[in-house]
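Trainee: Dropping the structure in here first, questions after.
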Amino acid sequence: MSHTLGMSGSTILSDPHQFYKLFKKGLPHIEIGEFPDRDSFFRFYKMTKARKVSFGVHSPLIRGSSKYDLIDEVVMSPVQARSNFEREVKELAQLGAEYVLVHFPYFKSPPVSSPENKIEEGLQFLSDLQNYYGIPIVCEPKLGPERSAHNIQALHDYGVGLVAKYGLYICIDLGDYLMATKEKWEDYVRPLLPHTKVVHLHHVTYVEGKYYWVPIHPDFENDPDHFTLEPCLNLLKNGIDKYFIFEHTPHTSPSDLMVDQGVDWIRNQLG
């Protein structure tokens, strides 16, 4: 078993002036997306080559493009979103990205008419891209508006067998999954284990009705205000090799020491 630790562009909100921070921890992989423009992406790309660090892209590549629209219109039609996504996949395959990660399935709101058919058709589209361009495509089910769990539930109810059928990969965002499923998390995560390629690592903190992603840290394991992650990690470290990505954001101004301690703790958890 050879898992890979990586840093997320979320930790700097993909700010080009802070790209250097993504390399400070010496981790071998970076996952990033939503660059402000193409020039900043190629600046980042050259940095990965110079430092011999692998990268994956969390779609959209450029900020302002579609994040959710592959099967249900949120800000643009699925036709336009798919066209944009295919261009990204083609380019990133040529540039040697390890994978492209996309929010899927994402329905704007429940109830959804014929969700199984829409999920299968979307997975078939993604599978065709994966096979044609030769780059892994990773599907990340996300919470909906108002922290709705309906997308995670839809994948659980209709999509697990289809993911296997079409040979795609899954990202488990621990924060989203624990918010959505609480004590039933294992019922949702275990069936996805054979297909899980990426795990997003962050805790969740609530401030004035909003929630923010904060770093993984061992002190939170016994804190009633945070989820206990060790059982999830003990499960997720099994199965295929995975990328474990530190995906906190800068909103709560976490210290370098806090982040370092979280990285060390995850490294020890994964053995």
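The values are calculated or read from the model by the stated rules, or taken from the named source; none is laboratory data. Computed from a predicted model, the values in this text were never measured in an experiment. No Cβ is skipped: glycine too gets one built from the backbone with ideal geometry, and neighbour counts run over all protein chains shown. Protein only, heavy atoms only, side chains kept; ligands, DNA and RNA dropped before computing areas. Shrake-Rupley method; radii C 1.70, N 1.55, O 1.52, S 1.80 Å.
Trainee: Which of the residues that make up the stretch 59-103 are part of a loop (DSSP other than H, G, I, E, B), under 21 Å from residue 121 (Cβ atoms) and of a type in the set (Phe, Trp, Tyr)?
Mentor: Once the filter is applied, which keeps residues that are part of a loop (DSSP other than H, G, I, E, B), under 21 Å from residue 121 (Cβ atoms) and of a type in the set (Phe, Trp, Tyr), the stretch 59-103 yields only 68.
Trainee: Of everything in the stretch 221-236, what is under 13 Å from residue 179 (Cα atoms) and open to solvent by 10 Å² or more (accessible area, probe 1.4 Å)? Give them in sequence order.
Mentor: The answer is 225, 226, 227, 228.
Trainee: Among 135, 172, 119, which is open to solvent by less than 40 Å² (accessible area, probe 1.4 Å), modelled with pLDDT of 95 or more and within 15 Å of the chain's Cα centre (by Cα)? Full working, then the answer.
Mentor: Values: 135 fails: within 15 Å of the chain's Cα centre (by Cα); 119 fails: within 15 Å of the chain's Cα centre (by Cα).
That would be 172, the only listed residue that is open to solvent by less than 40 Å² (accessible area, probe 1.4 Å), modelled with pLDDT of 95 or more and within 15 Å of the chain's Cα centre (by Cα).
Trainee: Does residue 109 satisfy the condition of being out of contact with any Cys (no Cβ under 8 Å at 6 or more places or on another chain) and part of a loop (DSSP other than H, G, I, E, B)? Please lay out each step first, then the result.
Mentor: On the way: out of contact with any Cys (no Cβ under 8 Å at 6 or more places or on another chain): yes; part of a loop (DSSP other than H, G, I, E, B): yes.
Yes.
Trainee: Going through the stretch 61-97 one residue at a time, which ones are of a type in the set (A, V, I, L, M) and open to solvent by 50 Å² or more (accessible area, probe 1.4 Å)?
Mentor: Residues of the stretch 61-97 of a type in the set (A, V, I, L, M): 61-62, 70-71, 74-76, 79, 81, 89, 92-93, 95, 97.
Selection gives 74, 75, 79.
Trainee: How many residues are modelled with pLDDT under 90, farther than 21 Å from residue 260 by Cβ and β-branched (Val, Ile, Thr) if we restrict to the stretch 200-243?
Mentor: 1
Rundown of residues vs (1) within 30 Å of residue 256 (Cα to Cα); (2) in contact with a Ser or Thr (Cβ under 9 Å, 6 or more places away or on another chain); (3) acidic (Asp, Glu), yes/no style:
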| residue | (1), (2), (3) |
| --- | --- |
| 28 | yes, yes, no |
| 49 | yes, no, no |
| 76 | no, yes, no |
| 81 | no, yes, no |
| 85 | no, yes, no |
| 102 | yes, yes, no |
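Trainee: Report yes if residue 52 is out of contact with any helix residue (DSSP H, G or I) (no Cβ under 7 Å at 6 or more places or on another chain), free of Cβ contacts under 8 Å to residues at least 40 places away in the same chain, on the phi > 0 side of the Ramachandran plot and open to solvent by 20 Å² or more (accessible area, probe 1.4 Å), otherwise no. Lay out the reasoning, then the answer.
Mentor: Details: out of contact with any helix residue (DSSP H, G or I) (no Cβ under 7 Å at 6 or more places or on another chain): yes; free of Cβ contacts under 8 Å to residues at least 40 places away in the same chain: yes; on the phi > 0 side of the Ramachandran plot: yes; open to solvent by 20 Å² or more (accessible area, probe 1.4 Å): yes.
Taking the combined requirement at face value, the residue satisfies it.
Trainee: Anything in the stretch 138-163 that is charged (D, E, K, R) and either open to solvent by less than 10 Å² (accessible area, probe 1.4 Å) or in contact (Cβ under 8 Å) with a residue 60 or more places away in the chain (or both)? List them, or say none. Give the derivation first.
Mentor: From the stretch 138-163, those charged (D, E, K, R) are 140, 142, 146-147, 157; that's our starting set.
If the condition is that a residue be charged (D, E, K, R) and either open to solvent by less than 10 Å² (accessible area, probe 1.4 Å) or in contact (Cβ under 8 Å) with a residue 60 or more places away in the chain (or both), then 140, 142, 147 are the ones that fit.
Trainee: Does residue 218 fit the bill of being closer than 20 Å to residue 7 by Cβ, open to solvent by less than 70 Å² (accessible area, probe 1.4 Å) and of a type outside the set (Asp, Glu)? Can you show your working first?
Mentor: Numbers: closer than 20 Å to residue 7 by Cβ: yes; open to solvent by less than 70 Å² (accessible area, probe 1.4 Å): yes; of a type outside the set (Asp, Glu): yes.
Taking the combined requirement at face value, the residue satisfies it.
Trainee: Please give the strands (runs of 3 or more DSSP E) falling wholly within the stretch 164-271 in which 1 or more residues are touching a residue at least 60 places away in the same chain (Cβ under 8 Å). Please lay out each step first, then the result.
Mentor: Numbers: elements: 169-173, 196-201, 203-207, 210-214, 243-246.
The qualifying strands (runs of 3 or more DSSP E) are 169-173, 196-201, 210-214, 243-246.
Trainee: Checking residue 30 against (1) open to solvent by 20 Å² or more (accessible area, probe 1.4 Å); (2) without any contact (Cβ under 8 Å) to a residue 60 or more places away in the chain, which single condition isn't satisfied?
Mentor: Only one criterion in (1) open to solvent by 20 Å² or more (accessible area, probe 1.4 Å); (2) without any contact (Cβ under 8 Å) to a residue 60 or more places away in the chain is unmet by residue 30, namely (1).
Trainee: Give the residues of the stretch 13-27 that are assigned to a helix (DSSP H, G or I), among the hydrophobic types (A, V, I, L, M, F, W, C) and open to solvent by 10 Å² or more (accessible area, probe 1.4 Å), sorted by residue number.
Mentor: The initial filter retains those residues of the stretch 13-27 that are assigned to a helix (DSSP H, G or I), namely 16-23.
Subsequent filtering for residues that are among the hydrophobic types (A, V, I, L, M, F, W, C) retains 19, 22-23.
Within the stretch 13-27, just 23 meets the criteria.
Trainee: Restricting attention to the stretch 116-124, does a residue exist that is of a type outside the set (Ser, Thr, Tyr), part of a loop (DSSP other than H, G, I, E, B) and in contact with a strand residue (DSSP E or B) (Cβ under 8 Å, 6 or more places away or on another chain)? Let's see the steps before the verdict.
Mentor: Initial filter on the stretch 116-124 (of a type outside the set (Ser, Thr, Tyr)): 116-124.
If we keep only those that are part of a loop (DSSP other than H, G, I, E, B) too, we end up with none.
No, that holds for no residue.
Trainee: Name the residue that is nearest to residue 164 (Cα to Cα), counting only residues in the stretch 179-206 that are open to solvent by 20 Å² or more (accessible area, probe 1.4 Å) and out of contact with any helix residue (DSSP H, G or I) (no Cβ under 8 Å at 6 or more places or on another chain).
Mentor: Ranking the qualifying residues of the stretch 179-206, first place goes to 197.
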